[in-house]
Amino acid sequence: MNRQTKAPPTEDKRWRLVDATMRRHGNRSAALIETLHTVQEVFGYLDEGALRYVAASLRVPLSKIYGVATFYHFFTLKPQGRHTCAVCLGTACYIKGAQALLDALKQRYGIASGQTTDDQKLSLVTARCVGACGIAPAASLDGDVLGKLTPDELVNRIEEATRHDA
């Protein structure tokens, strides 16, 4: 497919940023990960229309695009909540109670790892290691690492963060 004739999935002006990323890398397949990062940054997630557009624009099979998007944990194919909690499942955190943290969040919010609450306030993910073994069990909430957590402390921190959301 000719790059010049491929139109973005919508008329949203944020597609200009995506196109600029692809141009900056010569519209080559080597621009794939950088382009997916840009899509994720400007839209918050990678939907099917975006993946198809990137595939056609960079002349990369859609199957490869999906492979990359699902392999790297940074990418998400679903809209995320306004807040994200990442529970560390590294060895130290797991031994010191990470599963209890996950169980408490599942009980309180009704979601498991990889899911978002129905009100779109909270997304829950797991991480292999957040690099905070000395303060295990650890989790990050909106990028801030919290350590030596109990299930109640983590739920309280999330409640605090989401209290003022519309």
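A few points about this structure:
- Out of R128, R52, one residue alone is over 21 Å from V155 (Cβ atoms) and assigned by TED's automatic domain parsing to the domain that holds H25. It is R52.
- Matching residues in the stretch 88-100 - criterion: being touching a residue at least 40 places away in the same chain (Cβ under 8 Å) and more than 17 Å from G134 (Cβ to Cβ): A100
- Condition broken by F43, with the remaining ones in (1) surrounded by fewer than 17 Cβ atoms within 10 Å (Cβ to Cβ); (2) modelled with pLDDT under 95 satisfied: (1)
- Residue match in the stretch 88-104 (condition: in a helix (DSSP H, G or I), of a type in the set (D, E) and closer than 25 Å to A136 by Cβ): yes
- Filtering G90, G143, G114, G67 for residues that are of a type outside the set (D, E, K, R), surrounded by fewer than 17 Cβ atoms within 10 Å (Cβ to Cβ) and more than 28 Å from H164 (Cα to Cα) leaves a single hit, G67.
- Scan of the stretch 122-153 for residues that are within 20 Å of the chain's Cα centre (by Cα), modelled with pLDDT of 95 or more and not in a strand (DSSP E or B), ordered by number: A138
- Conditions (1) hydroxyl-bearing (S, T, Y); (2) in contact (Cβ under 8 Å) with a residue 12 or more places away in the chain; (3) not in a loop (DSSP other than H, G, I, E, B): number failed by T76: (3)
- For the stretch 146-162, a residue qualifies if it is of a type in the set (D, E) and either surrounded by 13 or more Cβ atoms within 10 Å (Cβ to Cβ) or under 15 Å from Y94 (Cβ atoms) (or both), and exactly one does: E153.
- Within the stretch 1-54, considering residues that are among the polar types (S, T, N, Q) and touching a residue at least 12 places away in the same chain (Cβ under 8 Å), the one nearest to F75 (Cα to Cα): Q40
The values are calculated or read from the model by the stated rules, or taken from the named source; none is laboratory data. Owing to the predicted nature of the structure, the values given are computational and were not obtained by experimental measurement. Here the Cβ is made from the backbone with ideal geometry for all residues, glycine too, and neighbour counts use every protein chain on show.
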